[in-house]
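Student: Starting off with a structure, shown below.
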Amino acid sequence: MNDDPLDPRLASRLREELDRVQPPHSAPRYLSAHTRPIALRLAPAVLVASVISMLALSAYVATGSPNPADWGHDVVTIIQSSSTTPTPSVRPTPTHAPEQEPTEKPGEQESPEPSGHQSPEPSDDHSGEGTSGHDGGGSSDGGSTDGGSTDGGSNDEHEGSSSDSGQSRRS
Amino acid sequence: MYPPPLLHGVSEEYHPGSRQDFDRLYRTAYPRVFRTLTAILADPGAAEDCAQDAFVQAFQAWDRWRPDAPAEAWVHRIAVNRAISYRRSQKIRRVGEILRRLGRPNATVDPDHSDLLTALRSLPPKLAAAIVLRHYHGYNNREIAAALGVTERTIGTRLRQAGERLRARLEPDFSLEPTPAFTSDTHE
């Protein structure tokens, strides 16, 4: 099999013509192109380092501790504390819970009245004077030895007034 | 003017990753690679671009070059692949130009006025590269196969096809004197 069918004259002419071709005197481009791959190789490392430093800085600012062990500990405690008080997740799960709420609410609403008959403290709450007034009143009642009976009478009057006011509200 | 054979001792002079060795490879191989691409591509500027790009690509992979393969053949392979890609892109671009020039006289003239180079450039790049590597650079089939990454049998087939096409193209008016050129895009 002849692998070289080219005419010898054609081959010599090809050599002559290509010898006449002179490459242009231009600067090698690889001299200016070799810096790019190095920068491209370093770019991911620089990116990772900057992300890590930003995370470390934010963790330091959040925890106030430069120790990375504290960062992890704080994160664990935050996650645990958030998982122990899952108030939004408990509500939808029981289906009978909304049915129990109406039965309990009237009891809760009525419970201040019987307790109001037994003890004068809830009546103070209903009067809207606040808890500070309740504590102060209790202590002053106990502390005042002179007018103890009058205080008790006044309490009875308060009870009656409170019950009356409660009835008047219902009506 | 035949160069020294590619596979006999030349590759032992280069060391992968050595900047000085690559500079030496560039000085030795760039003119030869440029002439190879000049025979494949019609535009000397495109030949220069492809040759420079091939050396840039070779330089970026110089660390991974294996000394068992000839360095110049390796660069030739990169350059020929570049030229093939360039020819493909030019073909697509030429279709658009032909469509735009419909009805107008064709003003495309080969600048170097060589019917031989014009006929060579009208061949498929792989055939033209085989012809140049064989008849200009003086490589044997095994060296061309190593340069282009194909088998020796494939190189034999390409050389035969390229010779037949060149003869068919040049025989009617073949002579040793240069003749006026004709357009390079008649057979592509």
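Student: So how many residues does segment B:42-69 have that are outside any helix (DSSP H, G or I) and touching a Lys or Arg at 6+ places or on another chain (Cβ under 7 Å)? Can you show your working first?
Tutor: Of the residues in segment B:42-69, the ones outside any helix (DSSP H, G or I) are B:42-43, B:61, B:65-69.
Now narrow it down to the ones that are touching a Lys or Arg at 6+ places or on another chain (Cβ under 7 Å): B:42.
Adding up the residues that qualify gives 1.
Student: Condition first: under 30 Å from B:SER18 (Cα atoms), within 14 Å of another protein chain (Cβ to nearest Cβ) and modelled with pLDDT under 80. Can you find one or more residues in segment A:41-56 that meet it?
Tutor: Restricting attention to segment A:41-56, the residues satisfying the condition of being under 30 Å from B:SER18 (Cα atoms) are A:41-47.
Filter once more, keeping what is within 14 Å of another protein chain (Cβ to nearest Cβ): A:41.
Filter again for modelled with pLDDT under 80, leaving A:41.
Yes, segment A:41-56 contains at least one residue that is under 30 Å from B:SER18 (Cα atoms), within 14 Å of another protein chain (Cβ to nearest Cβ) and modelled with pLDDT under 80.
Student: Scan (1) in a helix (DSSP H, G or I); (2) touching a helix residue (DSSP H, G or I) at 6+ places or on another chain (Cβ under 7 Å); (3) touching a residue at least 24 places away in the same chain (Cβ under 8 Å) for the single condition B:HIS15 breaks and write down its number.
Tutor: Result: B:HIS15 passes all but (1).
Student: Examine segment B:65-85 for a residue that is touching a His at 6+ places or on another chain (Cβ under 7 Å) and modelled with pLDDT of 90 or more, and state whether such a residue exists.
Tutor: Looking for residues that are touching a His at 6+ places or on another chain (Cβ under 7 Å) and modelled with pLDDT of 90 or more, one finds none in segment B:65-85, hence no.
Student: OK, next. Quick one: count up the residues across segment B:112-138 that are under 17 Å from B:ALA42 (Cα atoms) and free of Cβ contacts under 8 Å to residues at least 12 places away in the same chain.
Tutor: Adding up the residues that qualify gives 1.
Student: For segment A:8-30, what are the residues that are under 13 Å from B:THR36 (Cα atoms), more than 7 Å from every other protein chain (Cβ to nearest Cβ) and outside any helix (DSSP H, G or I)?
Tutor: Of everything in segment A:8-30, just one residue is under 13 Å from B:THR36 (Cα atoms), more than 7 Å from every other protein chain (Cβ to nearest Cβ) and outside any helix (DSSP H, G or I), namely A:GLN22.
Student: Return only the number of the condition from (1) surrounded by fewer than 23 Cβ atoms within 10 Å (Cβ to Cβ); (2) modelled with pLDDT of 90 or more; (3) among the polar types (S, T, N, Q) that B:ASN106 does not satisfy.
Tutor: With (1) surrounded by fewer than 23 Cβ atoms within 10 Å (Cβ to Cβ); (2) modelled with pLDDT of 90 or more; (3) among the polar types (S, T, N, Q) applied to B:ASN106, the lone miss is (2).
Student: Among the residues of segment B:139-162 satisfying the criterion of being more than 17 Å from B:ASN81 (Cα to Cα), in contact (Cβ under 8 Å) with a residue 40 or more places away in the chain and surrounded by fewer than 20 Cβ atoms within 10 Å (Cβ to Cβ), which is nearest to the other protein chains (Cβ to nearest Cβ)? Don't jump to the end; show me each part of the working.
Tutor: Within segment B:139-162, the first condition is being more than 17 Å from B:ASN81 (Cα to Cα), and the residues that meet it are B:139-142, B:152-153, B:156-157, B:159-162.
Filter once more, keeping what is in contact (Cβ under 8 Å) with a residue 40 or more places away in the chain: B:139-140, B:142.
Narrowing further to those that are surrounded by fewer than 20 Cβ atoms within 10 Å (Cβ to Cβ): B:140, B:142.
Values: B:ASN140: 10, B:ARG142: 12 Å.
Applying the filter and picking the extreme gives B:ASN140.
Student: Step by step: first the residues of segment B:115-138, then only those that are within 12 Å of chain A (Cβ to nearest Cβ) and among the hydroxyl-bearing types (Ser, Thr, Tyr), then the one that is nearest to B:PRO31 (Cα to Cα). Which residue is that?
Tutor: B:TYR136
The values are calculated or read from the model by the stated rules, or taken from the named source; none is laboratory data. Computed from a prediction, not measured in an experiment: that's the story for all the values here. With ideal geometry, Cβ positions are generated from the backbone for all residues, glycine too; neighbour counts draw on all protein chains shown.
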